[in-house]
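Computed from the coordinates by the stated procedures, all read-outs in this text should not be read as laboratory data. Predicted model, so just to flag it, every value in this text is computed and none were measured. Note: ideal-geometry Cβ built from the backbone for every residue, glycine included; neighbour counts use all protein chains shown.
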Amino acid sequence: MAMADLLLIDALRYTWPGDVRPVLDIEQMRLEEGEKVFLYGPSGSGKSTLLAAIGGLIRPDSGRLVFRGDDLSALSGARRDRFRAEHLGVIFQQFNLLPWLDVRANVMLPCRFSAARSRRTGEVRAAAERLLQGMDLDRSLWARRADQLSVGQQQRVAAARALIGRPALILADEPTSSLDSDRRQSFLDLLFAQIRAAESTLLFVSHDRELAARFDRSLDLTEINAAGVSA
């Protein structure tokens, strides 16, 4: 049985202001419901720009980003913000935790910005704690400020924050770049288990090809992006 498209990228083109050549020129790319996709690209290939377009942070010059039948590129700025808050979870390369908040508060934060996400979550504090347990973060750390954690611990908090409220799509931007090989594999084991529980789709961006075999499918941005210029 064929899987349904979660996201269709069609004839997407984007050029940064002041540049001559487009950084993104993608004829077509699809993400299916529930799959884990590895997106490879060297530094400067446009990976972060593509994630910004999917997240509605930039509006493409032309083309469509169709999410469950709705063209995101046609939405107003306010509606793109609402879409991002309701349907996306993002694991940033630098994690972007709020350093003055404790671990639990960081994980619960997305539910403060989306009523729909909060409703899906149910009891927000309990859901945050389940995710922290699922990411194997010791209970003794939950009340600690985020800036008092190790890099690996911050990474797991960032993943739990992205997953709260079972968003349809998780965007992971080089989240394992600071870890050694064993810790990368351990993190992926934990992340994949939580992705399955949330029934989310994962788009995992990395320049580390060694990770690709862990995913359902892998894409090379330099092959699908005709522009092939720096982000």
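A few remarks follow.
- Available extension along the chain between Asp180 and Ser150 is 9.4 nm, counting 0.36 nm per residue and deducting the alpha carbon span.
- Zone of Leu57's modelled label, taken as backbone nitrogen in the stretch 68-90 under 20 Å from a point 7 Å along Cα→Cβ: 72-90
- Nitroxide proxy distance, nm - points 7 Å out along Cα→Cβ at Ser43 and Asn96: 2.1 nm
- Between Ala143 and Ala197, residue separation times 0.36 nm minus the direct Cα-Cα distance comes to 17.0 nm.
- Tensor-based shape of the stretch 136-201 (alpha-carbon gyration tensor, a/c under 1.5 rounded, otherwise prolate or oblate): oblate
- The shape of the stretch 38-186 comes out oblate: with a ≥ b ≥ c from the C-alpha gyration tensor, a/c is at least 1.5 while a/b does not beat b/c.
- Taking the charge dipole of the stretch 1-79 about its Cα centre, with +1 at Lys and Arg Cβ atoms and -1 at Asp and Glu Cβ atoms, the residue from Ala4, Leu65, Val23 reaching farthest to the positive side is Val23.
- Point-to-point label distance, Asp189-Phe113, nm (Cα→Cβ direction, 7 Å offset): 3.2 nm
- Taken along the Cα-to-beta-carbon direction at a fixed 7 Å, the label points for Thr222 and Arg120 span 3.5 nm.
- Cβ-to-Cβ counts within 10 Å put Trp142, Trp100 in ascending order as Trp100, Trp142, the fewest first.
- Think of it as helices only: each DSSP H run of n ≥ 4 in the chain is worth -39500 (n - 2.57), and spread over all residues that comes to -10000 deg cm²/dmol at 222 nm.
- Contact order normalised by residue count of the chain, Cα under 8 Å, 6+ apart, percent: 32 percent
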